[in-house]
Amino acid sequence: MLSSPAPTKPHFPILDGLRGVAAVTVVAFHLLEAHATTHFDLMINHGYLAVDFFFLLSGFVIGYAYDDRWNKMSVGRFLKLRFIRLQPMVVMGMIVGAICFYFQDSPIWPTIHEVPVFKMLLVMLVGFTLFPLPLSMDIRGWQEMHPLNGPGWSLFYEYVANILYGYVVRRFSNLALTMLVVLSAAALLQLGLTSPQGDVIGGWALTPEQIRVGLTRVMFPFFAGLLLFRYKKLATIKHGFFWCSLLILLVLAMPRLGGENQVWINGLYESFVIIFMFPLIVFMGASSQLQGKRATQLCKFLGEISYPIYITHYPIIYIYTGWVHTQKPSLSAAYPTMLLAFFASIALAYGCLKLYDEPVRKWLRNKFLVRA
């Protein structure tokens, strides 16, 4: 007789929607980033902090989904569940990156046409595993650990956090977890205040400095999200999706602070957003209820495409960035192409979700989680 895996718990629909809001904002940020000349004229200036928001959401949801299941679930089963949820789109993201790679040849990446196909395919195959690539395998020139699809770095650290949770941190008392979160917050604050550019951006290269940034960026938000779940005493907040979405957009779009001579002010702002604002937004979102069919459908759609759009949009961004550096259009002249890239990213994500991700995950669950 076959038994199905334990049923999943109901989602927090507003948190799903907020993940989608942040993911769509990331796409807009990356498109506008192609036109920036410095950190100071970058629009949606703190858009990269959406990654830290994703980490915090992930920690909260992991706690909600798994913290009370360890008496009947092994670490191996937990990791299988996470692998099935995340890995299919990791593979698809690398395939999209490989398909788009040679179309990105441009003044900003002038040696792409010199990369042998076999080397590009080798990078793709390693990318399927999410094992970080050394600088010697950088086929783009940006020192990315996944040069076909840059955002793969954050999924690598997502797996690191999941492994730490499954083997170690899930056993922590609330006091021990609080101490870990406080120490991680201190490390994040120190990074923000001492960064030469006054930000917490980074984590995508396999170098000691960038590994430190990546670990610092994942440790506080992920385990702060877990701590928030454990301590949560939800309130009742009306119109939570609207207010939380507005807060996300405001903190991400805030102009850069401090100027060139006081960059630490910007680092302090970004640390404040991650340590205080993002937990507040998640708390508000978890404390709210959706009202109306349209709001429910919108949050469902945004939640469904949030991960696919995040992990597949960057190859399109590479092409767009290469086009900008080749054609050098003004921002106003680039808007039609920018909108095309924006909606193409959404369409690609939705197509990958329905035609690939959902069927593959269903097959994997039936193959590896349903037992005799």
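Taking each of LYS80/LYS362; LYS238/LYS300; LYS72/LYS232; LYS238/LYS293 in turn, the alpha-carbon distance tops 21 angstrom for LYS72/LYS232. Computed over the chain with a Gaussian network model linking Cα atoms closer than 10 Å, the most mobile of GLY93, GLY285, GLY202 is GLY202. Mean-square fluctuations from a GNM of the chain, with a 10 angstrom spring cutoff on Cα atoms, peak among ALA235, ALA347, ALA185 at ALA235. Computed on segment 55-170, with alpha-carbon pairs under 8 angstrom and 6+ residues apart, the relative contact order is 25 percent.
Taking each residue as 0.36 nm, the span from LYS80 to LYS354 lengthens on full extension beyond its C-alpha to C-alpha distance by 96.5 nm. Could you compute the FRET efficiency for THR37 and LEU164, with r as their C-beta to C-beta distance and R0 at 41 Å, rounded to 0.05? That gives a FRET efficiency of 0.55. Dimensions of segment 7-136 along the principal axes, based on C-alpha atoms and rounded to the nearest Å, stand at 55, 38, 22, largest first. For segment 129-191, the spread of Cα positions along the three principal axes, ordered from largest to smallest, is 45, 27, 16 Å. Counting beta carbons within 10 Å around each of HIS113, HIS30 and listing the fewest first gives the order HIS113, HIS30.
Suppose we look only past 18 Å in the calculated P(r) of segment 87-138. What percent of the Cα-Cα pairs does that tail hold? Of all Cα-Cα pairs in segment 87-138, 32 percent lie more than 18 Å apart.
Look at the Cα gyration tensor of segment 243-372: its axes a ≥ b ≥ c give a/c of at least 1.5 with a/b at or below b/c, and that counts as oblate. Taking other C-beta atoms within 10 Å as the exposure proxy, ARG256, ARG294, ARG77 rank ARG294, ARG77, ARG256 from fewest upward. Here LYS233 is the anchor, and the aspartates and glutamates within straight C-alpha reach of less than 18 Å, apart from those fewer than 8 places off in the same chain, are ASP67, ASP68. In this structure the amide hydrogen of SER106, modeled in the peptide plane, comes within under 5 Å of the amide hydrogens of ILE112, none closer than 5 places in sequence on its chain. Each part reduced to its alpha carbon centroid, segment 145-191 and segment 311-372 end up 26 Å apart.
When exposed loop sites are taken as chymotrypsin sites (Phe, Trp or Tyr not before Pro) in a DSSP loop with at most 16 other Cβ atoms within 10 Å, the longest stretch of the chain clear of them is 143-372. Normalised by residue count, the chain yields a Cα convex hull volume of 148 Å³ per residue. Shown is the FRET efficiency for GLN262 and TYR231, computed with R0 = 41 Å from the Cβ-Cβ distance and rounded to the nearest 0.05: 0.70. Normalising the average separation of contacting C-alpha pairs (under 8 angstrom, six or more residues apart) by the number of residues puts the relative contact order of the chain at 33 percent. Does segment 65-194 come out rounded, prolate or oblate by the C-alpha gyration tensor, with a ≥ b ≥ c the root eigenvalues, rounded set by a/c under 1.5 and, if not, prolate when a/b is larger than b/c and oblate if not? Since a/c reaches 1.5 but b/c is at least a/b, the shape of segment 65-194 is classed as oblate. For the pair segment 27-67 and segment 233-248, the centres of their Cα atoms are 19 angstrom apart.
Calculated FRET efficiency, LEU121 to LEU280, Cβ-Cβ distance, R0 = 51 Å: about 0.70 to the nearest 0.05.
Mean Kyte-Doolittle of at least 1.0 and a Cα length of 18 Å or more along the axis: which whole DSSP H helices of the chain meet both? Once both thresholds are applied, what remains is 13-33, 50-66, 75-100, 117-129, 174-194, 240-253, 331-352. Within the listed set GLY76, GLY141, GLY351, the residue fluctuating most in the Gaussian network model of the chain (springs between alpha-carbon atoms under 10 angstrom) is GLY76.
The numbers here are math on the coordinates, done by the rules we state, and not lab data. Everything numeric here is computed off the predicted structure, so don't read it as measured data. Here the Cβ is made from the backbone with ideal geometry for all residues, glycine too, and neighbour counts use every protein chain on show.
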